[in-house]
1. Checking Asp139 against (1) touching a residue at least 40 places away in the same chain (Cβ under 8 Å); (2) closer than 14 Å to Asp88 by Cβ, which single condition isn't satisfied?
2. For Val54, indicate whether it is among the aliphatic types (A, V, I, L, M), open to solvent by less than 30 Å² (accessible area, probe 1.4 Å) and modelled with pLDDT under 90.
3. Restricting the search to the stretch 68-103, which residues are outside any loop (DSSP other than H, G, I, E, B) and acidic (Asp, Glu)?
4. Could you count how many residues in the stretch 1-38 are surrounded by fewer than 18 Cβ atoms within 10 Å (Cβ to Cβ), in contact with a Pro (Cβ under 9 Å, 6 or more places away or on another chain) and closer than 18 Å to Thr103 by Cβ?
5. Which ones in the stretch 132-168 are among the basic types (Lys, Arg) and in a loop (DSSP other than H, G, I, E, B)?
6. Looking at Ser86, Ser117, Ser100, can you tell me which residue is loosely packed, with under 14 Cβ neighbours inside 10 Å and among the hydroxyl-bearing types (Ser, Thr, Tyr)?
7. Which of the residues spanning the stretch 39-49 are within 13 Å of the chain's Cα centre (by Cα), more than 17 Å from Asp139 (Cα to Cα) and open to solvent by 10 Å² or more (accessible area, probe 1.4 Å)?
8. What do you reckon, is Leu125 closer than 21 Å to Leu71 by Cβ and either in a loop (DSSP other than H, G, I, E, B) or at pLDDT 95 or above (or both)?
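The values are calculated or read from the model by the stated rules, or taken from the named source; none is laboratory data. Bear in mind that the values here come from a model prediction, so they are computed numbers and not experimental data. Cβ atoms come from the backbone with ideal geometry, glycine included; neighbour counts cover every protein chain shown. Just so you know, the surface numbers come from the protein's heavy atoms only, side chains and all, with ligands and any DNA or RNA stripped out. Shrake-Rupley method; radii C 1.70, N 1.55, O 1.52, S 1.80 Å.
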Amino acid sequence: HAPRPNGSPLRVGYVGTLSDYKGVEDFARAVEQLGAGVPVRATIHAHLVWSPPVAAPLRSIGAPSRDHLLLAGPFDPELRDAIFDSLDLLVVPSLWWENSPLTIHEAWQGGVPVLASDRGGMAELLAQGGGATFPPGDDAALAALLVRVAREPELLASWAASIPPVRPIKEDVRLLERLSRELR
């Protein structure tokens, strides 16, 4: 993971599906609350055309905060590692009971800490380290966390140092194949 250069904005992002239950609007509203002096650059990587009812508010929220928020849209799968490498922090603001979001594992594989809703598997994963949680749907709490992380680089470093090990997906596949052979 490419470290944040001194004096540069905190690079935070959302990577995933654009749905009303994913809390992306809460992320955008949290970014909108950041003052001009808060060094944060947020990016939303999602298919904006797939869900117009969710994308429309993002566009209106993002318009006055262009200094902080970029609606980047989707990316080609082969760019996944580069996208995570361009982030200092992943935000998973889901409102529903995620069990074990792939994006959290992908971020951790790249050394990127995570801020996620304090709900379900997201909260369980982050109880191990690698980031922090905030109340689901609470954009003010998320904004406060973003301000804190932007101003306290040592906090981000401590979260990065506490990322638990994540098995690569190829290793998971080998494990499943082995278990399947044993069960036969």
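1. If we test Asp139 against (1) touching a residue at least 40 places away in the same chain (Cβ under 8 Å); (2) closer than 14 Å to Asp88 by Cβ, just (2) comes out false.
2. So Val54 passes the test.
3. Glu78, Asp81, Asp85
4. Looking only at that region, the number is 1.
5. Correct list: Arg167 only.
6. Ser100
7. Once the filter is applied, which keeps residues that are within 13 Å of the chain's Cα centre (by Cα), more than 17 Å from Asp139 (Cα to Cα) and open to solvent by 10 Å² or more (accessible area, probe 1.4 Å), the stretch 39-49 yields only His45.
8. It is false that Leu125 is closer than 21 Å to Leu71 by Cβ and either in a loop (DSSP other than H, G, I, E, B) or at pLDDT 95 or above (or both).
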